[in-house]
Structure formats: C-alpha cells, structure tokens
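Read-outs: derived from the displayed coordinates by stated rules, not from any lab. These numbers were taken from a predicted model, which means no experiment stands behind them. Note that we place each Cβ from the backbone using ideal geometry, even for glycine, and neighbour counts take in every protein chain shown.
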Amino acid sequence: MPTYRDEVVVLRTHKLGEADRIVTMLGRRHGKIRAVAKGVRRTSSKLGSRLEPFMVADVQLYAGRSLDIVQQAESLGTYGAEIVADYDRYTAASAMVETADRLGDADASASHYLLLVGGLRALSLAAHAPRSILDSYLLRAMALSGWAPGLEDCARCSAPGPHRSFVAQVGGMVCANCAPAGSARVDENTTAQLRALLSGDWDHVDAASTGTSAAASGLVAAYAQWHLDRGIRSLSHVGVAR
Ligand SMILES: [Zn+2]
C-alpha cells in the first residue's frame, strides 16, 4: 500500500464537491502536501475537526495518482481555537501560513515545519505581541530559504557596518554610498530590534518601544513582500505592533 505518515500543520483548506475538502499542509518530512479529506464537511466528521487551518496533526496519507488522500489524522496541537478567537493573532497566523505555503516547496522542510509550529504555539499562548511573533517568523523563514537580510555589513558592497539605510530590494542594510537617494534612515534601535527578531532574542524584542517595534515591522513587511514577489495578502490585514 502506498501510504505514508507525516506530522503536518494545516495551512488552508478548500471545498471539493458536496462533502470533501482539499487540505494543504506543511509536513515535517514531506514539505508541502495537498490531499483530499473525504466526508469532512459533515458535522459529525472527527477527521474534519482535526484538519482546520493552524492545527498540527499526525496524518496517514494514501499516495494517489493526482492528489493524495488523508486516511487518518491524530491531533498534536490544537492552536486554532485560541488563534481564531483573537483578531490580531488570527491575522498574524494567516500571514504565517500563507508565507509557509509560499516557501513550502523549498528545502529544509523540517526546519520550516518546526519554525511554523513554534510560531503558532507562541500565538496561541499569547507569549509575545502577535505582530512580533509574525515578524520573527517572517525573518527566520526567509533566512531558512536563503534570504536572511544583511543587518551588519553593506548588503551590496560588503563595507563594514553599522549602516543607517535599509533597502529591501538590495537585501538589507546598505552603506551611504550604496543607498539610493531618498532611502529611509533607520535608527540603531530599529536595527537592533531586527537583529533580535531574527535571532529570537525575546527579552530584547519584548522590551522595545512601540515606535521601534512599528518601525521594525514596516521593514520586515517590505522585505517579505519584496522577496516573496507576489506579496503576502494577509500582511495588509495585520495591524501595527503594540
Ligand atoms: Zn555599500
């Protein structure tokens, strides 16, 4: 039997026919998986309740010719209820799964999986401001895909930092010679906040002022939008950092 198991995060679902759903998941071992879950739109379906967005599950799948089929799902983490109950957490989680969906075909699927599970768990526990959890996730997910922003030396000519301009299109902080005319100046606190978000230094992240958090969020959003080229729709619904 061509069946396989994986631990997955449910990224999104959409309707198929009368009672079925297509479920897009990020697997720890298999990367992005699209599979049919049969009969899950009936209210009595236990399978359906375990395959909602933001849920973490151990699934068994049958490898079909075009689409795989979900045979079983055991819940590993029910972060959905806490996330969906709060608008800021929900918009942050939506931007995270949309990013994971975009990056899911890249290598390092176990790292992407663990990063996403960690982020959703932190959102469900309200461990930090939702926007900071999202910003840290975005920077680290892009770093896993080989797009870590340069925060020290100039991202264009490698002149030693610190530098005061951030240019998403160039890949991070750039020196005065490389900064295009009119590019925004970034203060030291904001650069330090970006560094802390990227490294997961939560004591530093949580202590930042509202202004610094908001400035860093703006740069992270610009950087993510640029590198994920089509733009992450969910990011436009995310409020300012608090
Ligand atoms: Zn330079």
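Give the residue, chosen from GLY31, GLY27, GLY17, GLY48, that is touching a residue at least 12 places away in the same chain (Cβ under 8 Å) and out of contact with any strand residue (DSSP E or B) (no Cβ under 8 Å at 6 or more places or on another chain).
On the way: GLY27 fails: out of contact with any strand residue (DSSP E or B) (no Cβ under 8 Å at 6 or more places or on another chain); GLY17 fails: touching a residue at least 12 places away in the same chain (Cβ under 8 Å); GLY48 fails: out of contact with any strand residue (DSSP E or B) (no Cβ under 8 Å at 6 or more places or on another chain).
Going through GLY31, GLY27, GLY17, GLY48 in turn, the sole match is GLY31.
Scan the stretch 98-128 residue by residue and report those that are more than 24 Å from GLY172 (Cα to Cα), crowded, with 20+ Cβ neighbours inside 10 Å and in contact with a Lys or Arg (Cβ under 8 Å, 6 or more places away or on another chain).
SER109, TYR113, LEU123, SER124
So GLU152 passes all but one of these: (1) over 18 Å from the mean Cα position of the chain (by Cα); (2) outside any helix (DSSP H, G or I); (3) among the charged types (D, E, K, R); (4) away from the ligand (no atom under 14 Å from the Cβ). Which condition number does it fail?
Failed condition: (4).
Filter the stretch 61-74 for residues that are exposed (fewer than 15 other Cβ atoms within 10 Å of the Cβ) and under 24 Å from the mean Cα position of the chain (by Cα) and give the result.
Across the stretch 61-74, the qualifying residue is only GLU74.
Among the residues of the stretch 117-148, count how many are under 10 Å from the mean Cα position of the chain (by Cα) and polar (S, T, N, Q).
Of the residues in that region, 1 qualify.
Please specify each residue of the stretch 157-175 satisfying the condition of being assigned to a loop (DSSP other than H, G, I, E, B), free of Cβ contacts under 8 Å to residues at least 40 places away in the same chain and either more than 8 Å from the ligand (Cβ to nearest atom) or under 17 Å from ARG195 (Cβ atoms) (or both). Don't jump to the end; show me each part of the working.
Within the stretch 157-175, the first condition is being assigned to a loop (DSSP other than H, G, I, E, B), and the residues that meet it are 157-164, 168-171, 175.
Of the ones still in play, those that are also free of Cβ contacts under 8 Å to residues at least 40 places away in the same chain are 157-164, 170-171, 175.
The answer is PRO160, GLY161, PRO162, HIS163, ARG164, VAL170, GLY171.
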